[in-house]
Amino acid sequence: MKRRVFSESFKRDKVRLYETGKMRVSQLSKLYAVSETAIYRWIELYRSTPSTERIVVETESDYLQLKELQDRIEKMERLIGNQQLQIDYHRGLIASATKHYGEDIEKKFG
C-alpha cells in the first residue's frame, strides 16, 4: 500500500471546513479516505482557536430561531421603553396639576 502525504494547505483547508461546520470529522474521513484520528491531529495542529475555546456549531434552524427570539426581545424592549415614557409623561402631568391647583391630584382622584 502506498503511503499518502498531504500538504499543509490541504490539511488547513479540511480543518477550516470542520471549524465552519460545513463538514464533520466523519464526513471528511470518508470523503478523503483519511482516518478520523489523523483529522483530529490536523485540527489540533491547525485550529484557528485555542484548544481551551469551544466551537459552537449551529444548524440554520437554530440560527433562525435565535434571530427570531432576538428580534422579539428588541420589540419588547422598545414597547417597554414607550410604556415608561408614557408613565413618566403622566407623572409629570400629575405633578404639574398638583403644583398648579395646590392639591394632591393623585391622592384626590386616586
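Could you tell me which of the residues Glu103, Glu19, Glu68 is in contact (Cβ under 8 Å) with a residue 12 or more places away in the chain and of a type in the set (Asp, Glu)?
Being in contact (Cβ under 8 Å) with a residue 12 or more places away in the chain and of a type in the set (Asp, Glu) holds for just one of Glu103, Glu19, Glu68, which is Glu19.
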Revision key, fill the gap. Being within 25 Å of Gly21 (Cβ to Cβ), among the charged types (D, E, K, R) and open to solvent by 100 Å² or more (accessible area, probe 1.4 Å) narrows Glu77, Glu60 down to just Glu60
Check your understanding: Looking only at the stretch 22-52, which residues are loosely packed, with under 13 Cβ neighbours inside 10 Å, in a loop (DSSP other than H, G, I, E, B) and either touching a helix residue (DSSP H, G or I) at 6+ places or on another chain (Cβ under 9 Å) or small (Gly, Ala, Ser) (or both)?
Key -> Lys22, Ala33, Ser35, Ser48, Thr49, Ser51
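Part of a helix (DSSP H, G or I), under 30 Å from Tyr18 (Cα atoms) and among the aliphatic types (A, V, I, L, M): which single residue out of Leu93, Leu85, Leu69 fits that description?
Working: Leu93 fails: under 30 Å from Tyr18 (Cα atoms); Leu85 fails: under 30 Å from Tyr18 (Cα atoms).
After applying the criteria, what remains is Leu69.
The values are calculated or read from the model by the stated rules, or taken from the named source; none is laboratory data. Quantities reported herein were computed from a predicted structural model and do not represent experimental measurements. We place every Cβ from the backbone using ideal geometry, glycine too, and count neighbours over all the protein chains shown. SASA here: full protein model, heavy atoms, side chains in, ligands and nucleic acids out. Shrake-Rupley method; radii C 1.70, N 1.55, O 1.52, S 1.80 Å.
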